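S.K.: Dropping the structure in here first, questions after.
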Amino acid sequence: MSKARLLIVLVVLALVAVGCAKAAERTIEGAIEKQLEEEGGGNANVDISEDDGSVSIETDEGSMQIGGGEIPSDFPLPVPEGAEVVSVISTSGETAGSQVSMTFDPDHFDDVATLYDDFFNEQDWEVSRSNSDSDGIKIVFISGSNDQLTAQVIIGYTDGEEIASLTAQYGNN
């Protein structure tokens, strides 16, 4: 099994373990650490937070934080006013980057799309945009890149829903 697939499976198991007793949590953390150490040949530390269900994984190659609701301080993309953070995934090391999922009032859908269009264009990034509006589902995909970063934003809304969704992510080149 590839490292990426294994990591995904292990993270899913860890998230399931969040609702279990503390002893089971420590057992799952230990099992994930052991597997990562065997796969990577280095040290690994896994921590499952009972408070917010987040999972932190640190290895000799970098770290990953999944869950929680705080946007990383170095997140380079704008956050729309009034948006609520749903989840955060951050990595460090060779594949450093972050993904933030948010919800917002659908009345501001076009304003949010414009926010990201303007941001990418003002930064002189190479930008592409595609739109889809079919069967009551509206999606805008905007991507941009410069010499250091590549970023994508997906904004979505389904007619009749009370919230719209936004996923903003970036990674180092």
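S.K.: At least 2 residues that are within 20 Å of the chain's Cα centre (by Cα) and surrounded by 11 or more Cβ atoms within 10 Å (Cβ to Cβ) in each: list the strands (runs of 3 or more DSSP E) lying fully within segment 111-173 that qualify.
M.R.: The strands (runs of 3 or more DSSP E) meeting that bar are 137-145, 149-158, 164-172.
S.K.: What number goes with the only condition from (1) outside the structural domain of Leu166 (by TED's automatic domain parsing); (2) in contact with a helix residue (DSSP H, G or I) (Cβ under 9 Å, 6 or more places away or on another chain); (3) of a type in the set (S, T, N, Q) that Asn131 does not pass?
M.R.: Condition not satisfied by Asn131: (1).
S.K.: Now for a separate question. Answer with yes or no whether Phe109 is among the hydrophobic types (A, V, I, L, M, F, W, C) and under 18 Å from Glu162 (Cα atoms).
M.R.: So Phe109 passes the test.
S.K.: Hey, Pro80 hits all of (1) at pLDDT 95 or above; (2) under 25 Å from Ser49 (Cα atoms) but one; which does it fall short on?
M.R.: Here Pro80 meets the rest and fails (2).
S.K.: Just checking, which of Gly62, Gly41, Gly67, Gly30 is surrounded by fewer than 15 Cβ atoms within 10 Å (Cβ to Cβ) and either in contact (Cβ under 8 Å) with a residue 40 or more places away in the chain or under 21 Å from the mean Cα position of the chain (by Cα) (or both)?
M.R.: It is Gly62.
S.K.: Here is a follow-up. Looking only at segment 49-62, count every residue that is farther than 15 Å from Ile89 by Cβ and either modelled with pLDDT under 80 or basic (Lys, Arg) (or both) and tell me the total.
M.R.: Within segment 49-62, residues that are farther than 15 Å from Ile89 by Cβ and either modelled with pLDDT under 80 or basic (Lys, Arg) (or both) number 3.
S.K.: In segment 73-110, what residues are more than 13 Å from Gln169 (Cα to Cα), surrounded by fewer than 15 Cβ atoms within 10 Å (Cβ to Cβ) and of a type in the set (Ser, Thr, Tyr)?
M.R.: Across segment 73-110, the qualifying residue is only Ser73.
The values are calculated or read from the model by the stated rules, or taken from the named source; none is laboratory data. Nothing here was measured: the structure is a model prediction, and the numbers come from that model. As a convention, Cβ positions derive from the backbone with ideal geometry for all residues, glycine included, and neighbour counts pool all protein chains shown.
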